[in-house]
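Participant: Please find one structure pasted underneath; my questions will follow.
The values are calculated or read from the model by the stated rules, or taken from the named source; none is laboratory data. Since the structure is predicted, the reported quantities are computational estimates derived from the model, not experimental observations. Note: ideal-geometry Cβ built from the backbone for every residue, glycine included; neighbour counts use all protein chains shown.
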Amino acid sequence: MSRYVLALDQGTTSSRAILFDRQGNVVAVENKEFRQIYPQPGWVEHDPEEIWESQLEVAKAVLQKAGVKGEEVAAIGVTNQRETTILWEKATGKPVHNAIVWQDRRTAAFCQELKDQGHEGLFRERTGLVLDPYFSGTKIRWLLDHVEGLRERAEAGEIAFGTVDTWLLFRLTGGKVHATDPSNASRTLLMDLEKADWDDELLSIMGVPRALLPKILPSSGVFGETDPALLGAAIPVAGMAGDQQAALFGQACYRPGMAKNTYGTGAFLLLNTGEKKVVSKKGLLTTVAWQVGDKVTYALEGSIFIAGAVIQWLRDELKIFQDAAESEKLAREVPDTGGVYLVPAFTGLWAPYWDPYARGALLGLTRGTNRSHLARAALEAIAYQSRDVLDVMQEEAGLSLDALRVDGGAVQNDFLMQFQADILGTRVDRPKVHETTALGAAYLAGLAVGFWKDTAEIEALWQRDRAFEPAMKEEEREELYGGWKKAVERSLGWARE
Ligand code: ADP
């Protein structure tokens, strides 16, 4: 009898493996960091072999730690850093180049070229994305243009492209399966969102031969079985989704109007819009959340570049405390910021402003401003930025949130969570299990093999650690938020010549 589902959570800086039981509890976790390679300013690469080896190592280690055999694992779910691009030889499984990581900006000029040719509207409408080096498509093109002889080999069908999910699946199945899921495929600039399939017109503009591409299969479903030599049994790989979409699934946000926010270094907000693809006019991305059976669920996504990182900045650069958790104690020492606003636009602002020239601003200082006010202003800024995104999301989707489900490192901060609820005027729900990304992958896989019956069963497993109810008066909320908007205005365009 299989009692566990194994999630492989392949992130940007580390590979993790987490074993879950039937109640969605974490049984054991293993983690291994790997090398970040910076060949030039603005370039970021990973060694695909290191990604694979670290992932396999932690998968083996977590089973050993829990004393669980391969045959006791009902299914494997994979979740991954998104957009990172790998090309390899189909026959040998050998990568032809390092992985080009999502953060890598080397294709900025090519993106500008595509814009100059007037393609932006087409890509926005059909893929839900913006023409930005962030996504996989232009990274594939770069490899085809820069690795000698690669284009000819790709056209001859000898080469495979994959995002990290696809790469791991290929290796896990001993080179048998070359496939991805729509949540990952929707981050390539090559997929028609509506059809959840590759689009010939986009492929031709991007100069990417179809022969490179994996099959797109439902996010929940059996993709293949692991080579028994790897984990001691042929285990079905039955779920795959990009990390943010997996977190939305792990948070059981299954109905339109449900949303999650992950408060890590940055913050990632996703709103389930159901079967409706909402194309944003205000700087949000449209993405596939997941496909279960033949039903595709869509989401709106908004990213905030600096969230928890503003706390790291107070700690490491200003040295006003030693530990991120102290920010809460300091913030509670004052009744308010005394009119101080901190706009952490350290590298510009992302959604919904998209201003690369915005810079950080500290406004409203008086003679009495102290470090408690600063700590409080920093935490409040995380909440204000999340409201900026959520307001636009709800407006464009025509949906209103009942509650916001939260995860990520900074949700331990009760002050932040309460202020978030206050400034949104919406309840904030913090779950007991924080490993929502891995949990989402596990759920997708477990559903496919009948380990869990349906999403209703999973919804019932979602357990609240704490609810934060909005307690602030409407008038105060809008006054505070109005001050934030004014502060943001002052920060916009600052670094423009
Ligand atoms: P990532 O996955 O992006 O590395 P994590 O989810 O591990 O991030 O969260 C780490 C971030 O959360 C850091 O930026 C840190 O400053 C912030 N953080 C951690 N604990 C707290 C806290 N108690 N209050 C505020 N921020 C916190």
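Participant: Taking the criterion of being buried (at least 23 other Cβ atoms within 10 Å of the Cβ), within 16 Å of the ligand (Cβ to nearest atom), at pLDDT 95 or above and under 20 Å from the mean Cα position of the chain (by Cα), would at least one residue in the range 278-299 satisfy it?
Facilitator: no
Participant: Of the residues 208, 222, which is more than 17 Å from residue 80 (Cβ to Cβ), touching a Pro at 6+ places or on another chain (Cβ under 7 Å) and either free of Cβ contacts under 8 Å to residues at least 60 places away in the same chain or away from the ligand (no atom under 16 Å from the Cβ) (or both)?
Facilitator: The conditions single out 222.
Participant: If a residue must be modelled with pLDDT of 95 or more and within 18 Å of the chain's Cα centre (by Cα), how many such residues does the range 100-123 contain?
Facilitator: Summing the residues that are modelled with pLDDT of 95 or more and within 18 Å of the chain's Cα centre (by Cα) in the range 100-123 gives 1.
Participant: Can you tell me which residue is farthest from residue 149 (Cα to Cα) among those in the range 45-94 that are among the basic types (Lys, Arg) and in a helix (DSSP H, G or I)?
Facilitator: Taking the candidates together, the pick is 65.
Participant: Moving to a separate point now. From the list 428, 406, 411, pick out the single residue that is assigned to a helix (DSSP H, G or I) and within 16 Å of the ligand (Cβ to nearest atom).
Facilitator: 411
Participant: Within the range 339-351, is there a residue that is in contact with a helix residue (DSSP H, G or I) (Cβ under 7 Å, 6 or more places away or on another chain), part of a loop (DSSP other than H, G, I, E, B), more than 16 Å from the ligand (Cβ to nearest atom) and within 28 Å of residue 280 (Cα to Cα)?
Facilitator: Yes, the range 339-351 has at least one match.
Participant: What helices (runs of 4 or more DSSP H) lie completely within the range 189-301 and have 2 or more residues being over 30 Å from residue 400 (Cβ atoms)? Reasoning before the result, please.
Facilitator: Numbers: elements: 200-206, 228-231, 243-250.
The helices (runs of 4 or more DSSP H) meeting that bar are 200-206, 228-231.
Participant: Being under 19 Å from residue 172 (Cβ atoms) and of a type in the set (A, V, I, L, M) is the filter here, so list the residues in the range 7-44 that pass it.
Facilitator: Once the filter is applied, which keeps residues that are under 19 Å from residue 172 (Cβ atoms) and of a type in the set (A, V, I, L, M), the range 7-44 yields 7, 8, 17, 18, 19.
Participant: Quick check on the range 129-146. Is at least one of its residues among the basic types (Lys, Arg) and surrounded by 21 or more Cβ atoms within 10 Å (Cβ to Cβ)?
Facilitator: Yes: the range 129-146 contains one or more residues that are among the basic types (Lys, Arg) and surrounded by 21 or more Cβ atoms within 10 Å (Cβ to Cβ).
Participant: I'd like to check something: does the range 373-382 contain any residue that is outside any strand (DSSP E or B), within 24 Å of residue 299 (Cβ to Cβ), in contact (Cβ under 8 Å) with a residue 12 or more places away in the chain and in contact with a helix residue (DSSP H, G or I) (Cβ under 9 Å, 6 or more places away or on another chain)?
Facilitator: Within the range 373-382, one or more residues are outside any strand (DSSP E or B), within 24 Å of residue 299 (Cβ to Cβ), in contact (Cβ under 8 Å) with a residue 12 or more places away in the chain and in contact with a helix residue (DSSP H, G or I) (Cβ under 9 Å, 6 or more places away or on another chain).
Participant: Name, by its number, the condition in (1) at pLDDT 95 or above; (2) of a type in the set (A, V, I, L, M, F, W, C); (3) closer than 22 Å to residue 81 by Cα; (4) surrounded by fewer than 23 Cβ atoms within 10 Å (Cβ to Cβ) that does not hold for residue 168.
Facilitator: (4)
Participant: Right, something else. Of these, 323, 336, which one is more than 16 Å from the ligand (Cβ to nearest atom), more than 30 Å from residue 134 (Cβ to Cβ) and acidic (Asp, Glu)?
Facilitator: Values: 323 fails: more than 16 Å from the ligand (Cβ to nearest atom).
The match here is 336.
Participant: Tell me yes or no: at least one residue of the range 255-269 is closer than 27 Å to residue 421 by Cα, away from the ligand (no atom under 16 Å from the Cβ) and of a type in the set (D, E, K, R).
Facilitator: Looking for residues that are closer than 27 Å to residue 421 by Cα, away from the ligand (no atom under 16 Å from the Cβ) and of a type in the set (D, E, K, R), one finds at least one in the range 255-269, hence yes.
Participant: Working only within the range 11-38, note down all residues that are within 13 Å of the ligand (Cβ to nearest atom) and assigned to a strand (DSSP E or B).
Facilitator: Residues satisfying the conditions are 14, 16, 31, 33.
Participant: Against the condition buried (at least 18 other Cβ atoms within 10 Å of the Cβ) and among the hydrophobic types (A, V, I, L, M, F, W, C), how does residue 331 come out, does it pass?
Facilitator: Values: buried (at least 18 other Cβ atoms within 10 Å of the Cβ): yes; among the hydrophobic types (A, V, I, L, M, F, W, C): yes.
The answer is yes for residue 331.
Participant: I would also like to ask the following. For the range 303-324, enumerate the residues that are touching a Phe, Trp or Tyr at 6+ places or on another chain (Cβ under 8 Å) and either at positive phi or not in a helix (DSSP H, G or I) (or both).
Facilitator: Listed by number, the residues that qualify are 303, 304, 305, 306, 307.
Participant: Say we look at the range 428-441 and pick out the residues that are within 30 Å of residue 475 (Cα to Cα) and touching a helix residue (DSSP H, G or I) at 6+ places or on another chain (Cβ under 6 Å); which of these is surrounded by the fewest Cβ atoms within 10 Å (Cβ to Cβ)?
Facilitator: Per the stated criteria, the residue is 430.
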